[in-house]
1. Within the range 7-28, is there a residue that is exposed (fewer than 14 other Cβ atoms within 10 Å of the Cβ), of a type outside the set (V, I, T) and at negative phi?
2. Six or more apart or on different chains, Cβ under 6 Å: which pairs go from a residue in the range 1-12 that's closer than 17 Å to Q45 by Cα to one that's assigned to a loop (DSSP other than H, G, I, E, B) and within 13 Å of the ligand (Cβ to nearest atom)? Could you list them?
3. Give me the residue from the range 99-147 that is within 11 Å of the ligand (Cβ to nearest atom), among the hydrophobic types (A, V, I, L, M, F, W, C) and open to solvent by 40 Å² or more (accessible area, probe 1.4 Å) and, out of that set, farthest from T83 (Cα to Cα).
4. So S53 fits all but one of (1) under 16 Å from K113 (Cβ atoms); (2) more than 16 Å from the ligand (Cβ to nearest atom); what number is the exception?
5. Yes or no: R88 loosely packed, with under 14 Cβ neighbours inside 10 Å and on the phi > 0 side of the Ramachandran plot?
6. Going by the conditions given, is E100 modelled with pLDDT of 95 or more and farther than 18 Å from T16 by Cα?
Amino acid sequence: MKNIAILVYSTHHGNTRKLVDAIAMGQDDIDVIDITKEKPADLSQYAVVGVASGIYAGHFGKPLVRYIKANLCEGQRVFALYTYGMPRSGYTNEIKNIVEESRCLYSGEYGCKGYNTFGPFKLFGGTGKGHPSASEIQGAIDFFVGLKFKRMKVK
Ligand SMILES: Cc1cc2nc3c(=O)[nH]c(=O)nc-3n(C[C@H](O)[C@H](O)[C@H](O)COP(=O)(O)O)c2cc1C
């Protein structure tokens, strides 16, 4: 049984997936579950659930939102990871509400810029090229370590 599941929805450029992979690298008690490919395992086996997504039309990926709404289990600790084109507050409001409705505990969130070529931005070469950067990825690792779910060696 693993302790931590990170559910990831990262369909645009794999930006959010980079954060998740950096956090999970070499960590054998983390299951990374790509919500676009796999039907996630029963979440009840996990003490901690990470919810990771790009921001699409102001929201976390809809399939991921639907999934956690139906499957979070009371008492789980939940954290959020996300990448966006434009910084703005409130991207995680919906997630926080679901966590509360599910009687889970919201442990925190980390968001950073991601390469974006959606719609008209493509015409100008996109925004946020090179993001998440190495330091933003390290920021995600530091955030996770700071949650103290487990000890982790950081290079
Ligand atoms: C269909 C679509 C809609 C998007 N809507 C927003 C948005 O509302 N706000 C924003 O800041 N970025 C928006 N973006 C940019 C993405 O959030 C950004 O590129 C993110 O890093 C994508 O993550 P991913 O590569 O993990 O999918 C949008 C991108 C796409 C493809």
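1. So in the range 7-28, the residues exposed (fewer than 14 other Cβ atoms within 10 Å of the Cβ) come out as 25-26, 28.
Cutting the leftovers down to of a type outside the set (V, I, T) gives us 25-26, 28.
Subsequent filtering for residues that are at negative phi retains 25, 28.
Yes, the range 7-28 contains at least one residue that is exposed (fewer than 14 other Cβ atoms within 10 Å of the Cβ), of a type outside the set (V, I, T) and at negative phi.
2. Note: pairs meeting the criteria are L7/I35.
3. First pass over the range 99-147, keeping only residues within 11 Å of the ligand (Cβ to nearest atom): 111-119, 121-122, 126-129, 131-132, 136.
Those left that are additionally among the hydrophobic types (A, V, I, L, M, F, W, C): 112, 118, 121.
Imposing the further condition that a residue be open to solvent by 40 Å² or more (accessible area, probe 1.4 Å) reduces the set to 118, 121.
On the way: F118: 14, F121: 16 Å.
Applying the filter and picking the extreme gives F121.
4. Of the numbered conditions (1) under 16 Å from K113 (Cβ atoms); (2) more than 16 Å from the ligand (Cβ to nearest atom), the odd one out for S53 is (2).
5. Numbers: loosely packed, with under 14 Cβ neighbours inside 10 Å: yes; on the phi > 0 side of the Ramachandran plot: no.
It is false that R88 is loosely packed, with under 14 Cβ neighbours inside 10 Å and on the phi > 0 side of the Ramachandran plot.
6. Values: modelled with pLDDT of 95 or more: yes; farther than 18 Å from T16 by Cα: yes.
Here the answer is yes, as E100 does meet what is asked.
The values are calculated or read from the model by the stated rules, or taken from the named source; none is laboratory data. Note that the structure is a prediction, hence the values are computed from the model and not measured. Cβ atoms come from the backbone with ideal geometry, glycine included; neighbour counts cover every protein chain shown. Each accessible area value is taken on the protein alone, full model and side chains, heavy atoms only, with ligands, DNA and RNA left out. Shrake-Rupley method; radii C 1.70, N 1.55, O 1.52, S 1.80 Å.
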